[in-house]
Amino acid sequence: MTETGFEKTPARDRRRFPGISSRAYEHPADRSALVALRKLSGFDTAFKALSGLLPERSLRLLFLSDSVRVGETQFPHLHAMLRDACYILDLEKVPQMYVQQDPRPNAMCIGLDEPIIVVTTSLVELLDEEEMRAVVGHEVGHALSGHSVYRTILLFLTNLALKVAWIPLGNVAVMTLVTALREWFRKSELSADRAGLLVGQDVTASMRGLMKLAGGNHLHEMNVDAFLEQADEYEKGGDLRDSVLKILNMLPRTHPFTTVRAAELKKWSESRDYQRIMDGHYPRREEDKDASVTDSFRESAAHYADSVRTSKDPLFKLVGDIAGGAADMGGRLRDKFTGAGAGSGTDTGSEGKGGATGRG
């Protein structure tokens, strides 16, 4: 396989998705957070200004000089996985990939003009072949979605925030952008997890990889069902104080908590959306230009509303109860002042109350 084309098929028989659009696997919250990010006051101006300041060339030179570039003669098994992932997701130009010495298991996709994938030695040593394949697919998903641009800006702004911490207003401005970027990036990780599953096409391997990120190389001591139960306990456990603590714990992170990622991916793997993609029914890149931004935003908003409505988290349940109670109270007040509910069992009263409940 060349750098711009494909000469070999994947190592084992997997479905390929010619022309697939990233919209096929993007989590609704990813799109919603990105829309919100772009609407953030001053973001477009800051983005244009920062694009010329980001040390992208420096990053590329740093990896070239102090990491190992993956290829046919260096980490060839990773090179084969990378080609397979690009083949399956139909990403024509294969990104450069580097292995970096680091005791922390991690992977990232960065770059403004062209994405670069970086995996750490600890991650390579931790995961088996199928688990690693899902990770490589995850990073290729970031590349296909264009996430690498915002990841690069996030790295730059995080470092900048440390340098201007002594400037009160400057730090506030930078941290506002950092917080918005982190919120979006956490959602983008859920999208990339889905891309990793489309590449690996082995949900068990994806689950194993996430468990290893949480508990290390001790699979014989871990259980998928018990791990997923942790996610359920985390979501519904505690009281309002715990809900606030969850938010505070999440704010400085760029990734969702591992159990939450596992639960989200398992749910998607059992969904009709995933099955339709596997059956070959998915949006194509050639249709992206015709995609409705309004429809995407509406879908994302509906997802957030559904998340609040079905969430087991105490705070979200309270919000849902308050919203439902407010709608019901509003309907009652309207009936009282308009006299719609005066007649017991009349059509007018029934319709008035039903309408209020429907909007709740």
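The values are calculated or read from the model by the stated rules, or taken from the named source; none is laboratory data. Predicted model, so just to flag it, every value in this text is computed and none were measured. Ideal geometry is used to build each Cβ from the backbone, glycine not excepted, and the neighbour counts take in all protein chains shown.
Overview of results
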| quantity | calculated |
| --- | --- |
| Unique match (being touching a residue at least 60 places away in the same chain (Cβ under 8 Å) and among the β-branched types (Val, Ile, Thr)) among ILE88, ILE116 | ILE88 |
| Count of segment 172-220 residues which are under 21 Å from SER148 (Cβ atoms), surrounded by fewer than 21 Cβ atoms within 10 Å (Cβ to Cβ) and at pLDDT 95 or above | 1 |
| Given (1) at pLDDT 90 or above; (2) within 21 Å of GLU189 (Cα to Cα); (3) not hydroxyl-bearing (Ser, Thr, Tyr), index of the condition ASN223 fails | (2) |
| Condition check for VAL136: within 21 Å of ASP13 (Cα to Cα) and in contact (Cβ under 8 Å) with a residue 12 or more places away in the chain | yes |
| Helices (runs of 4 or more DSSP H) wholly inside segment 36-150 that include at least 2 residues being at pLDDT below 90 and surrounded by 15 or more Cβ atoms within 10 Å (Cβ to Cβ) | 43-51, 56-66 |
